[in-house]
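Q: Submitted below is the structure of interest, expressed as structure tokens.
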């Protein structure tokens, strides 16, 4: 994989990074017993692998939160030991369709959380209700990749369908794609010297830098738009 492809994939995956406190805020209403020590324990058991900042602080993605939710649900509702849960998640990550003890069918909502899962066009349509015509339009605008689709394509397709309610078509969003490409170019320039060292720690550092820059870009974009929207309500 080229450095450009690597950084592009990082950009696609990095939507939001959350602290332990934010994770607890999201999950504690459903799992009151969840605590920082419990999260650290799940990490020690290799059930979830949060990222680390340069200062050593844990940062969780939305996929991490989904994974934690699966573990806690299986403990609470199925009384499964962590060893069984770990194997169940490993099978999902490997692209298999494992069944839980006492069941005869895989849990579909869990399979959707598989790392690196790819989707056919029919699966993309089933997940998001997007139409073949909109898929084609989005591909022509550079917003969606080609089949098999990645998890990021699913999220983009879902957003495109929401925008349909306002008459916004994929072709109207070419400017967003162009801006994203420019941002990727900036990120490449920053992380290229780090990637050039070609060792594991350098790749990890480059990924961290890329995600941090991406998050700051997203924050600036959100505030610029929010400031204009706020004036509409005055």
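Q: Cα convex hull of the range 159-234: mean projected area in nm², to one decimal?
A: Values: hull surface 26.7 nm².
Mean orientational projected area (the range 159-234, Cα hull): 6.7 nm².
Q: Another one. In whole angstrom, note down how far apart the Cα centers of the range 14-63 and the range 201-231 are.
A: Value for the Cα centre distance between the two parts: 20 Å.
Q: Just want the ordering: 38, 198, from fewest to most Cβ atoms lying within 10 Å of their own Cβ. Kindly include the intermediate steps, with their values, before the conclusion.
A: On the way: 38 16, 198 8.
Ascending Cβ contact count within 10 Å gives the list 198, 38.
Q: Binning every alpha carbon pair distance of the range 24-75 at 10 Å from zero, what are the percents per bin?
A: With a bin width of 10 Å, the distribution comes to 24, 62, 14, 1.
Q: Same structure, new question: How big is the chain in terms of Cα radius of gyration and Dmax, in angstroms?
A: Rg then Dmax for the chain, in Å: 19.6, 58.
Q: Neighbouring Cβ atoms within 10 Å as the yardstick, rank 52, 203 fewest first.
A: Working: 52 12, 203 16.
Listing 52, 203 from fewest to most nearby Cβ atoms yields 52, 203.
Q: Binned at 10 Å from 0, what are the whole-percent values of the Cα-Cα distance distribution for the range 118-168, short to long?
A: 29, 63, 8
FYI, it's all coordinate maths here, none of it is from the lab. Predicted model, so just to flag it, every value in this text is computed and none were measured. Cβ atoms come from the backbone with ideal geometry, glycine included; neighbour counts cover every protein chain shown.
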